[in-house]
Amino acid sequence: MILESLLKFYQRPEIDYLNFRVASFDLIHRLRDYKRVLLIDGIDANLATAALRIFTLNQANFPPASSVISTHELDLKGLFQLCEKFEVKTRIFIAGIQVADTAFGEGLTPQLQKKLSGITKEISIFIDSKLCATPSREK
C-alpha cells in the first residue's frame, strides 16, 4: 500500500519502484544494480504500531533470540548476511513500519490506514534528501 501511495502521489521518473512481495535471493542480485536502495517493509522493533523508522541495513538491531525482524521470508538479518557474503556495495536503507502483527498478510490495520499519508510523505522527503541527490542506479 505504501508503494502504491508513493507511485500515486510522489513518483519520480529517475527512480525505479519495484515490488518484491517476498524477499528472496533475487532481491540480492537486483540490489547490486544500484548505488542506493530504500526497502519498505513491516518490522517488529517494539515501536508504537504504525511508527516509521528509517535506518541503514547495518544499523538494524537484530534480536538475540530470533533473527526474524521482517514480515517476509528473507528477514533483515539474513539480507544483511547475504549482502556481506556477496560483497554487495549498495547503500541499503530500510523504511520500517511497525506492524501490530508479524504474521504474513496483506492489507492495512486501521492504525496504519490513518497514518498512511503521513508515512508516505515522510518516505518521500527521505527519498528527496538521500536518494535523489545523485542518480541511484549505475548506468
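The values are calculated or read from the model by the stated rules, or taken from the named source; none is laboratory data. Predicted, not measured: the structure shown is a model, and the values here were computed from it. Here the Cβ is made from the backbone with ideal geometry for all residues, glycine too, and neighbour counts use every protein chain on show.
Filter segment 102-132 for residues that are at pLDDT below 90 and farther than 27 Å from residue 28 by Cβ and give the result.
Scanning segment 102-132 gives 107, 108, 109, 110, 111, 112, 113.
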Every pair of residues 6+ apart whose Cβ atoms lie under 7 Å, when the first sits in segment 117-139 and is in a loop (DSSP other than H, G, I, E, B) and loosely packed, with under 11 Cβ neighbours inside 10 Å while the second is at pLDDT 85 or above and acidic (Asp, Glu): 138/33
Boolean, residue 55 is closer than 30 Å to residue 110 by Cβ, buried (at least 17 other Cβ atoms within 10 Å of the Cβ), at pLDDT 90 or above and among the aromatic types (Phe, Trp, Tyr): no
Count - residues of segment 15-53 that are part of a loop (DSSP other than H, G, I, E, B) and among the basic types (Lys, Arg): 3
Answer residue from segment 68-91, given it is closer than 18 Å to residue 40 by Cα, in a loop (DSSP other than H, G, I, E, B) and touching a Leu at 6+ places or on another chain (Cβ under 9 Å) and is modelled with the highest pLDDT among those: 90
Conditions (1) closer than 24 Å to residue 130 by Cα; (2) surrounded by 16 or more Cβ atoms within 10 Å (Cβ to Cβ); (3) modelled with pLDDT under 80; number of the one not met by residue 94: (3)
